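The values are calculated or read from the model by the stated rules, or taken from the named source; none is laboratory data. In this text the structure is predicted, and so the values were computed from the model without any measurement. Counting neighbours? That spans all protein chains shown, and the Cβs are built from the backbone with ideal geometry, glycine included. When the accessible area is computed, the model is the full protein with side chains, heavy atoms only, and any ligands, DNA or RNA have been set aside. Shrake-Rupley method; radii C 1.70, N 1.55, O 1.52, S 1.80 Å.
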Amino acid sequence: MSEWSKPLGLRTLAELLHLAAGLTVTAAVFAAGAWSYPVGRGTVRGVGWGTMLVVLAMGIGPLRRAWRQDRSSSRGDLA
C-alpha cells in the first residue's frame, strides 16, 4: 500500500476538522459583517477572504505536524 493511499490518522483528521471549523466560523462572521454593513460590503468581503487565507496558512503547520506524527506512529517510530 503506498503512503498516500493509507487512511488518515486521528491527529490529522482532528487538525483537518479544526481547520474546517475555523474557516467556517471565519466565513460566517464576515458574511454577517457584510450583511450588516451594506455600504462596506466589498471591503468586508475582501478582508474576510484575506483573513481566511491567514487562517488556512496558520493551519498548515499543525496539520503537517499531525500528519508526520500519525505517519511515524503507524511505522512504530518513537516520534
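For residue 45 and residue 16, the difference between the fully extended length at 0.36 nm per residue and the C-alpha to C-alpha distance is 8.0 nm.
Potential lengthening of the chain between residue 68 and residue 29 amounts to 10.8 nm, from the contour at 0.36 nm per residue minus the alpha-carbon distance. Remark: the chain carries 76 Å² of accessible area per residue (probe radius 1.4 Å; ligands, DNA and RNA excluded).
Tell me the label only: which of [x] 1.05; [y] 1.01; [z] 1.50 is Cα Rg over 2.2 N^0.38 Å as calculated from this structure? Recomputing Cα Rg over 2.2 N^0.38 Å here picks out [z]. Relative to a virtual label point 7 Å from the Cα of residue 53 in the Cα→beta-carbon direction, which members of segment 26-44 show backbone nitrogen distances below 15 Å? Correct set: 43-44.
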